[in-house]
Amino acid sequence: MMVLVCVSFFSTAGQVCAEPGKGNSDTDTTELEKEKDEAEGQLEDINASIEELASEKADAEEELDQVSESLTEILTEIGLLDAEIADKEVEIADAEAAYNAAVEEERKQYEAMKVRIRYMYEKGDSSYVELLATSGSFSELLTKADYVEDLYEYDRKMLSDYEEIARQVAELKERLEDEKLELVSLRSQSEEEKKYLEAMQADLESSAENYAREIAEAQEEAAEYEALIAKKNAEIKRRKAEAERRAKEEARRRAEEKRKAEEKRKAEEKRKAEEEAKRKAAESAEATESAEATEATKAETENGEEAEREAKEARQSGEVSNGGSTYDISSISSASGSEKGKDIAAFACKYIGNPYVPGGTSLTNGADCSGFVYAVYDSFGIKVPRTSYDLRSAGKEVSYSDAQPGDVVCYPGHVGIYIGNGMIVHASTQKTGIKVSNAKYREFICVRRIL
């Protein structure tokens, strides 16, 4: 993992300036600056890793919220199924009671019918016959016979009705039991889904905790690199100050020697000859320097005009293309600020997608963060410092709320070009190359206006 690599580098590089007050005979200022740049690159990688971990943690937390919602829905569904099963059991019990009551009524009706039939047949030679014999007329006899037949028909109908009720109640009970079995099966499935979601919830909670721990570790590592970079910057500053002091001392010594040598010159002719030679040499050097300066100014003007032309074309179309990809830059023209700054911002966006190369200053073949800023401004004939540290002092400082396209946003060990609408274009990392990011994707130090 990247963090482990950073720890190894930190433990080695941290020894370079362990005693800044005493200096280090094995490592000069150039070596210190190289090590500082390496540390800044490592810090950028760690910050990129923190951003990626934070994004993954947010994704895990979002998925955890979704799983929790699903789990709540399953628990609610199980509760509803439990209530339905309980209701169904009550309905089954009611149906069973109704069935038993119907069977009992059927039995009673059957027994009553048997008693009536038996009674009639047992009394048939007297009461039943007497019932018919005592009829006053044939029509009355038929009426009484019809009555007996109706009584039989009633008994058969009542028995048939109770049998039908018992059958219907039995079918209802069977259907209710089938519905209960289906509800029990659904509840079992819901329980299985609940177990699965609970396991997923536990895994996601564990993942979120792991991401939080890794982010904390990476932030701690980043703080160590920031301390190391600050320490190296202090040592570099001390050594530069010491070198300047020694250079001034040497200049004073040489000036004194030259003055004494000049006082010893006694021959006026030799002095005049030397002065004449110096004058001619100075005129020749001045003429050569003037010609070179004129040629350089012409080349810079031509390059600047070409860059301005490309930038204006991009701003007019509202988009730039590179490597088959097209990017919308219409917001640059609508932002407040100078036209030159907007041209620089639009020109910088032409190289989105190109590679990040440590130490590079090529807009096409690759550049690091400060090399990218340097190359963009150089294309317009504008000279800016080459390092992210020195860019913090370039131009003049403005507040972030007043930032305009073309301004340089400075971060610890990193720089980017502001393009308006709260965004920057910058050479981010070796992994992502030149890209557009939110200007506040990390804490910045200052905003510098070059133009």
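The values are calculated or read from the model by the stated rules, or taken from the named source; none is laboratory data. Keep in mind that this is a model prediction, so the values were computed, not measured. FYI the Cβ positions are ideal-geometry reconstructions off the backbone, even for glycines, and counts take in every protein chain you see.
The table that follows gives values for the structure above.
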| quantity | calculated |
| --- | --- |
| Selection status of ALA243, part of a helix (DSSP H, G or I), assigned by TED's automatic domain parsing to the domain that holds GLU44, under 28 Å from GLY413 (Cβ atoms) and of a type in the set (A, V, I, L, M, F, W, C) | no |
| Failed criterion for GLU179 (all others in (1) acidic (Asp, Glu); (2) closer than 30 Å to ILE50 by Cα; (3) surrounded by 14 or more Cβ atoms within 10 Å (Cβ to Cβ) hold) | (2) |
| Residue among LYS195, LYS258 that alone is among the basic types (Lys, Arg), under 38 Å from the mean Cα position of the chain (by Cα) and exposed (fewer than 12 other Cβ atoms within 10 Å of the Cβ) | LYS195 |
| Single unsatisfied condition, THR27 versus (1) polar (S, T, N, Q); (2) at pLDDT 50 or above; (3) assigned to a helix (DSSP H, G or I) | (3) |
| Odd one out for ASP94, checked against (1) surrounded by 13 or more Cβ atoms within 10 Å (Cβ to Cβ); (2) at pLDDT below 70; (3) assigned to a helix (DSSP H, G or I) | (2) |
| Condition check for LEU71: crowded, with 16+ Cβ neighbours inside 10 Å, closer than 20 Å to GLU192 by Cβ and either basic (Lys, Arg) or modelled with pLDDT of 75 or more (or both) | yes |
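Per-residue answers, yes or no, for (1) part of a strand (DSSP E or B); (2) touching a residue at least 24 places away in the same chain (Cβ under 8 Å); (3) surrounded by 24 or more Cβ atoms within 10 Å (Cβ to Cβ):
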site	(1), (2), (3)
ALA375	no, no, no
ILE382	no, yes, no
ALA394	no, yes, no
GLU397	yes, yes, no
GLN404	no, yes, no
ALA427	yes, yes, yes
VAL436	yes, yes, no
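Here's the yes/no breakdown for (1) modelled with pLDDT under 50; (2) within 27 Å of CYS410 (Cα to Cα); (3) within 32 Å of the chain's Cα centre (by Cα); (4) not in a helix (DSSP H, G or I):
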{"site": "PHE9", "(1), (2), (3), (4)": "yes, yes, yes, no"}
{"site": "THR12", "(1), (2), (3), (4)": "yes, no, no, no"}
{"site": "GLN15", "(1), (2), (3), (4)": "yes, no, no, yes"}
{"site": "GLN42", "(1), (2), (3), (4)": "no, yes, yes, no"}
{"site": "ASP87", "(1), (2), (3), (4)": "no, no, no, no"}
{"site": "GLU104", "(1), (2), (3), (4)": "no, no, no, no"}
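Yes/no matrix, rows are residues, columns are (1) under 30 Å from GLU31 (Cα atoms); (2) at pLDDT 80 or above; (3) assigned by TED's automatic domain parsing to the domain that holds GLY413; (4) touching a His at 6+ places or on another chain (Cβ under 9 Å):
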position	(1), (2), (3), (4)
PHE138	no, no, no, no
GLU153	no, no, no, no
LEU172	no, no, no, no
LEU183	no, no, no, no
ASP203	no, yes, no, no
ALA230	yes, yes, no, no
